[in-house]
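See below for the structure under consideration.
All of the numbers you see were taken from the coordinates with simple rules; none came from a lab. This is a predicted model, so every value here is computed, not measured. Ideal geometry is used to build each Cβ from the backbone, glycine not excepted, and the neighbour counts take in all protein chains shown.
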Amino acid sequence: MSEQKHLDVLKQYWGYDSFRGIQSDIIESICSGRDTLGLMPTGGGKSICFQVPALSLDGLCIVITPLISLMKDQVQQLKNRGVRAETVHAGMMHEDIVRVLDNAVLGGYKLLYVSPERLSSDLFLAKLQRMQKVSMLVVDEAHCVSQWGYDFRPSYLLIAKIRQLLPPHVPVLALTATATPKVVDDIQERLGFCQKNAFTMSFERKNLIYVVRETEDRAEEMLHILQSVPQGSAIVYARTRQQTYDIARYLEENGVTASNYHAGLTNAEKDFRQTNWMKNRVRVMVATNAFGMGIDKPDVRLVIHFNMPDSLEAYFQEAGRAGRDGQNSYAVLLYNRQDILTLNRRVPETYPTLDYVRTTYENVSSFLQVGVGEALGRNFYFPIDTFCRLFHQFPVQTTSALHLLNNAGYIEFHEEQEFKSAVHFILRKEDLYRIYETDEETDAVIQAILRNYSGVFANFVYIEETNLFHLTGIKAERVYQILKDLHHRRIIDFIPHRKTPTICYTVARVDTDLVSLPPSVYDDRKAEFQKRIDEIAHYVSSTETCRSRMLLEYFGEEIHHDCGQCDVCLEKKRAENQCHTQMEQAIQTITAFLQDGEFHPLKDLASLQGITMPQIDEAIRQMAQEERIIVQDTQVRLAQKA
């Protein structure tokens, strides 16, 4: 397939005349039928690498990505460009999933985005085998398939099984923005590459200035930095949801417009806050690591990490959201010595003992009333706060134990399974017209539901407040309030959008004493977690090596120059300038002392004021090299001018 065809597709759908970086190499490789791995930094244009081939090749491109919000956003953008694309993910109604998969079987789409959790469903596997023409399989965030990666997800291991169900000629394209050399090899092995074939784009960001600030007052330091960089948008990353509220409030109180963002917000709240930030109605987004994937805002001048991340991979990816327009931007990490101790405490919290894991398994089974040999394939809502309160367990360690049980194959644990809002009309249709005291907005919402959702009088029907916004023009937050009011008036039953932990027993419950954690799940992963913490602790505490070089070398990229602009490089320059100034002063002092042109004992120079012996020794060496003085045995004088 010619490069010109790819350029024609790029021009037709995106309006660009040429590819960037290694995009063209990756596209040529995958279109030639070769398994391909692309390593591109955040903002490097990964989506173009599979969207252009998907439109150039015959058949359906299947895209596996863990980020539901990102897949929704990309599908909407593709639809806006006239491309047939759709998604399948958790939270969709069963009939909607069936409809989408049936259309995919019939050739109704060019791209189908699938969350990795759906790969194990019998429905998806059955429909996949009926898809006659699959052009390629794309694995986004491919580092998730590697147990050595910082964000390993067991559901990604199912991709190898998916490959076996597809014709052998269907190539796989794996894409990631963060992978060490060890992870690069592991990705290709786990995805069953026919042969190693990786393209790497330089991760160096010459316009990004890395700064580490040790401080005891993070809030004051953060505010000072924001005031020192008054132009452009900013992101402040915080560790907890509560911190996002507290920091945003602190900034607002000090005259900096700010909003906050975390995974616990409703979709309507997320959309509203993200839109305000994207349109520069607020300057700073204070967020957990739930924010940022797929966000392409070019004028982010500043990314501040309020707390130390637990890996250089996470830090590099989040910091890389600054300066996508190529203008100078700052990535600032705030820390103090206590942070390193705090991170190290996370190791036993993230990897509790086997006894604790077994106790958690036993208690969960009791809580869900599951006996030994029961519950194979059964799903349960799991209110983790209630569980911890009843069994006197700490939420952090409990969540970690559940993830370990998940990774070991005993359960499938989803920390926040997303469920759409659901509505069921209690009043009969004919009785709705007898409702009094209903304002225009409420009536508009009722009519929009009746016209666009079927079966609302018989059962609960999933709805989206954002969809009702598009149908009525009423903001999603107001739609939500109207639905709550109708619920209180007993006109409808309304279950708001929620994120609820779920547990599914992937094997029938076993006797607690038989629960084990293989090294690949526990010992090896624990050691790797500790190693990542040690690496970022070394990064923040180092004052000798250029920050950019440290990051690039961690990801296997060798460079032989310093960036010249990070805090370490600037401190070196300052020290060099200070040293140069001090040397000039020492030379002037010695020259004045030797002004009479006579020989003087070298030891007499020790009495000179304002300069140290090391400075005197270096000054004498430099002056002799430049033939400005004559040294004979233990005496020195100025050289005679010609």
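In this structure, the amide hydrogen of residue 263, modeled 1.01 Å from its nitrogen in the peptide plane, lies closer than 5 angstrom to those of 290, counting only residues at least 5 positions away or on a different chain. Approximating the spin labels as points 7 Å out from Cα along Cα→Cβ, the residue 432-to-residue 120 distance works out to 4.0 nm. Between the amide H of residue 311 and any residue lying 5 or more places away or on another chain, no distance stays under 5 Å, with hydrogens modeled in the peptide plane. Charges were assigned to the Cβ only: +1 to each Lys and Arg, -1 to each Asp and Glu. The resulting dipole of the chain about its Cα centre is roughly 1700 debye.
In the chain, the DSSP-assigned H stretches of four residues or longer account for a calculated mean residue ellipticity at 222 nm of -13500 deg cm²/dmol, using -39500 (n - 2.57) per stretch and the full residue count as denominator.
Loop-only check: which GluC sites (Glu not before Pro) in the range 562-607 are DSSP coil with at most 16 other Cβ within 10 angstrom?
Numbers: sites: 571, 576, 584, 598; in loops: 598.
In loop regions of the range 562-607 (DSSP not H, G, I, E or B), the sparsely surrounded GluC sites (Glu not before Pro) are 598.
The simple Förster model, with R0 at 22 Å and r as the Cβ-Cβ distance, assigns residue 553 and residue 229 a FRET efficiency of 0.20.
When the square roots of the Cα gyration tensor eigenvalues are ordered a ≥ b ≥ c, the ratio a/c for the range 421-496 is under 1.5, which makes its shape rounded.
Taking R0 as 60 Å, what's the FRET efficiency between residue 570 and residue 95 from their Cβ-Cβ distance, rounded to 0.05?
Details: r = 60 Å, r/R0 = 1.00.
After rounding to 0.05, the efficiency reads 0.50.
Across the range 343-352, computed HN-Hα scalar couplings (Karplus, 6.51 cos²θ - 1.76 cosθ + 1.60, θ = phi - 60°) run 5, 5, 5, 5, 5, x, 6, 7, 10, x Hz from first to last residue, x flagging Gly and Pro.
Averaging over all projection directions, find the projected area of the Cα convex hull of the range 90-167 and quote it in nm² with one decimal place. Spell out each step's value before the answer.
Details: hull surface 21.3 nm².
Averaging across all directions leaves 5.3 nm² for the Cα convex hull.
Among the listed values [x] 134; [y] 272; [z] 229, the one matching volume of the Cα convex hull per residue in Å³ as calculated from this structure is [z].
What is the gain in length, in nm to one decimal, between residue 607 and residue 391 on full extension, counting 0.36 nm per residue of separation less the C-alpha to C-alpha distance?
Numbers: separation 216, 0.36 × 216 = 77.76 nm, distance 7.63 nm.
Net length gain for the segment: 70.1 nm.
With respect to the cross-link table entries 182/573; 110/279; 46/79; 270/526; 206/526; 531/572, which display a Cα-Cα separation exceeding 24 Å? Correct reply: 182/573; 110/279; 270/526; 206/526; 531/572. Taken along the Cα-to-beta-carbon direction at a fixed 7 Å, the label points for residue 484 and residue 367 span 2.7 nm. With contacts taken as Cα pairs under 8 Å and at least 6 residues apart, the range 485-613 reaches a relative contact order of 11 percent.
Take the alpha carbon atoms of the range 545-642, find their radius of gyration, then divide it by 2.2 N^0.38 Å using N residues; give the quotient.
Values: Rg = 19.4 Å, N = 98, 2.2 N^0.38 = 12.6 Å.
Compactness ratio reported: 1.55.
Approximating the spin labels as points 7 Å out from Cα along Cα→Cβ, the residue 25-to-residue 471 distance works out to 5.0 nm.
Report, in debye and to the nearest 20, how large the dipole of the range 343-488 comes out about its Cα centre when Lys and Arg carry +1 and Asp and Glu carry -1 on their Cβ. About 300 debye. Charges were assigned to the Cβ only: +1 to each Lys and Arg, -1 to each Asp and Glu. The resulting dipole of the range 3-200 about its Cα centre is roughly 240 debye.
How many Å³ per residue does the convex hull of the Cα positions in the range 486-586 occupy?
304 Å³
Selection among 488, 425, 442 by position relative to the dipole of the range 421-496 gives 425 as farthest towards the positive end (Cβ unit charges, Cα centre). For residue 236, the amide hydrogen comes within under 5 Å of the amide hydrogens of 285, 286, 287, 304, counting only partners 5 or more places away or on other chains and with H modelled in the peptide plane.
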